[in-house]
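Report on one structure; see the data block that follows.
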């Protein structure tokens with residue numbers, strides 16, 4: 001199961017990032033990690049950014065850093081299915097690092 005840390009605010013000249021908290025979520029689907037990744041204990045790291053529209057759906061989902069394209073794909077798919085209450089401020093970009101660590105054993 002991945003561990004998702006609260007991201008620190010790292011503004012750039014082009015974008016404004018703020019802290020993300022899972023407490024805001026109505027629906028928060030976990031990434032579906034392939035069984036062989038768990039079995040072999042393959043670690044991974046993904047940083048994803050996204051916005052929340054007025055309907056509470058995630059938009060503009062982007063993988064901005066990854067060390068494995070499979071993990072990037074499953075994180076993006078999971079974030080696409082997340083749902084939130086209507087945000088107080090629209091247009092905010094959230095930045096979330098996700099780290100996958102497994103206690104998998106060679107089988």
Distance (nanometres) between label positions extended 7 Å along Cα→Cβ at residue 99 and residue 73: 2.6
Under 16 Å from the residue 24 label point (7 Å along Cα→beta-carbon), backbone N, the range 52-83: 52-62, 79-83
Inter-probe distance in nm under a simple model that places probes 7 Å from Cα toward Cβ, at residue 36 and residue 90: 4.4
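Each value in this text was obtained by applying a stated rule to the coordinates, not by laboratory testing. From a predicted model like this one, the values you see are computed outputs, not experimental measurements. Backbone-built Cβ (ideal geometry, glycine too); neighbour counts: all protein chains shown.
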